[in-house]
Amino acid sequence: MSSLADAAAQADALADDGSERELSQLRTQWDEELEAQARTADFRERAVAYRAIGQFRFRTKKELLRRGLQDDSPAVRGSALLALEKLSRDHPGDVNEVRPLLHEIVTHDGNEAVRRLAVVALKNGSARPDTIQILRALGDDDEQPRELRESAAKVAQLLRRKGGPK
């Protein structure tokens, strides 16, 4: 295989097919490369590495993923959020572990797309009142970009239905 991006795409397909053994072998083969690429100076390579964490379903890389959420590059933060969203679909605890950081990104990140991705990731966490309140406030804030408001309102509603405050 020629690149981490190619291997990650293959890993994603294996995970979707339930081919755990092959996925595990691919993880082992690419583990060190992914770690190295996540630490490179080139933000594009870091972005590929962080997104690959989700594609490989690399549950052991949650601390590395946390670093990606705090990266200087919006592309890297976005890739880390995509990975978190994918990992947390079946494991809401992954979102709950970084909830304060996600709240910070949703409310203060300088990049609108990154903020929207954080909103999407929050939908996989538990329905906590503080999260719902933040999302409702964003959804009601006319000074926020329309797409961000709409995403926040939609996820707040979804979380309320999941069991949060009405």
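The values are calculated or read from the model by the stated rules, or taken from the named source; none is laboratory data. The model shown is predicted, which means the values in this text are computed figures rather than measured ones. A quick note on method: Cβ atoms are made from the backbone with ideal geometry, for glycine too, and the neighbour counts reach across all protein chains shown. The accessibility values were calculated without ligands, DNA or RNA, using every heavy atom of the protein model including side chains. Shrake-Rupley method; radii C 1.70, N 1.55, O 1.52, S 1.80 Å.
Would you mind working out the accessible area per residue for the chain, using a 1.4 Å probe, and quoting it in Å²?
Per-residue value: 52 Å².
For the chain, which whole-number percentage of the solvent-accessible area (1.4 Å probe, protein heavy atoms only) is attributable to carbon and sulfur atoms? Before the final figure, lay out each step's value.
Values: 3960 of 8590 Å².
Of all accessible area on the chain, carbon and sulfur atoms account for 46 percent.
Find, among the trypsin sites (Lys or Arg not before Pro) in the range 59-132, those assigned to loop by DSSP (not H, G, I, E, B) with at most 16 other beta-carbon atoms within 10 angstrom.
Working: sites: R59, K61, K62, R66, R67, R77, K86, R89, R115, R116, K123; in loops: R89, K123.
Qualifying residues, ordered by number: R89.
Can you tell me the length gained on complete extension of the stretch A153 to E33, counting 0.36 nm per residue apart and subtracting the Cα distance?
Length gained between A153 and E33: 39.3 nm.
Note the listed values (1) 16.3, 51; (2) 18.5, 64; (3) 16.6, 62, then indicate which one is Rg and Dmax of the Cα atoms in Å calculated from this particular structure.
(1)
What size of dipole, in debye to the nearest 20, comes out for the range 53-135 about its Cα centre when the only charges are +1 on Lys and Arg C-beta atoms and -1 on Asp and Glu C-beta atoms? Walk me through the numbers on the way to the answer.
Numbers: 14 positive and 11 negative charges, 62 e Å.
Here the range 53-135 has a charge dipole of around 300 debye.
So what is the 222 nm mean residue ellipticity for the chain from helices alone, if each DSSP H run of at least 4 adds -39500 (n - 2.57) and you divide by all residues, rounding to the nearest 500 deg cm²/dmol?
Rounded to the nearest 500, the figure is -23500 deg cm²/dmol.
For S3 and D72, calculate 0.36 nm times their separation in residues minus their Cα-Cα distance, and state this gained length in nm to one decimal.
Values: separation 69, 0.36 × 69 = 24.84 nm, distance 2.39 nm.
Difference between extended and current length: 22.5 nm.
Work out the P(r) tail for the range 3-66: percent of alpha carbon pairs separated by more than 20 Å, whole number.
Percentage above 20 Å: 17.
Could you state the number of Å between the C-alpha centres of the range 106-166 and the range 1-74?
27 Å
Place +1 on the Cβ of every Lys and Arg and -1 on the Cβ of every Asp and Glu in the range 1-123, take the dipole about the Cα centre, and give the residue among L122, T60, A11 whose Cα lies farthest towards its positive end.
Positive-most Cα among the choices belongs to L122.
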